[in-house]
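**Student:** Take this structure, written in structure tokens, and hold onto it; I'll ask about it next.
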């Protein structure tokens, strides 16, 4: 797994998110969304910082409305966290990096079998 967010779509969703082990962070975004553009660099930084511990993917809601609808994504950016393929946490709107890190750290602490 590289140190950057992976773009997913209808075709790769199940493999990259639903069947993925551990914790996955999904950034639901769109090109026209200003707050999404503000969050994008933070998402990339988190992908790099948590490489090997956290899977980070991005889903363009305009190109994949079926998936966005399945998870009731009503506003973007929405960051949805999955654990073993199940949605467990949701952050809506642009947030400071610290908030993302606090949530990620708590999810990783709770999912680690050695903790």
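**Student:** So residue 60 ticks every box in (1) farther than 21 Å from residue 101 by Cα; (2) in contact with a helix residue (DSSP H, G or I) (Cβ under 7 Å, 6 or more places away or on another chain); (3) surrounded by 15 or more Cβ atoms within 10 Å (Cβ to Cβ) but one. Which box is left unticked?
**Tutor:** (2)
**Student:** Moving to a separate point now. Which residues, counting only those in region 1-27, are under 23 Å from residue 110 (Cβ atoms) and in contact with a helix residue (DSSP H, G or I) (Cβ under 8 Å, 6 or more places away or on another chain)?
**Tutor:** 5, 22, 23, 24, 25, 26, 27
**Student:** Which residue, of 89, 66, is touching a residue at least 12 places away in the same chain (Cβ under 8 Å) and loosely packed, with under 12 Cβ neighbours inside 10 Å?
**Tutor:** That would be 66, the only listed residue that is touching a residue at least 12 places away in the same chain (Cβ under 8 Å) and loosely packed, with under 12 Cβ neighbours inside 10 Å.
**Student:** Residue by residue through region 97-115, note down the ones that are surrounded by fewer than 11 Cβ atoms within 10 Å (Cβ to Cβ), modelled with pLDDT under 95 and either assigned to a helix (DSSP H, G or I) or in contact with a strand residue (DSSP E or B) (Cβ under 7 Å, 6 or more places away or on another chain) (or both).
**Tutor:** Scanning region 97-115 gives a single hit, 109.
**Student:** Within region 47-72, work out how many residues are assigned to a helix (DSSP H, G or I) and more than 18 Å from residue 87 (Cβ to Cβ).
**Tutor:** Final tally of qualifying residues: 3.
**Student:** Still on this structure: Out of 16, 10, 45, I need the residue that is touching a residue at least 40 places away in the same chain (Cβ under 8 Å), within 19 Å of residue 95 (Cα to Cα) and surrounded by fewer than 20 Cβ atoms within 10 Å (Cβ to Cβ). Which one?
**Tutor:** 45
The values are calculated or read from the model by the stated rules, or taken from the named source; none is laboratory data. These numbers come from a predicted model, not from an experiment. So basically every Cβ, Gly included, is an ideal-geometry build from the backbone, and we count neighbours across all protein chains shown.
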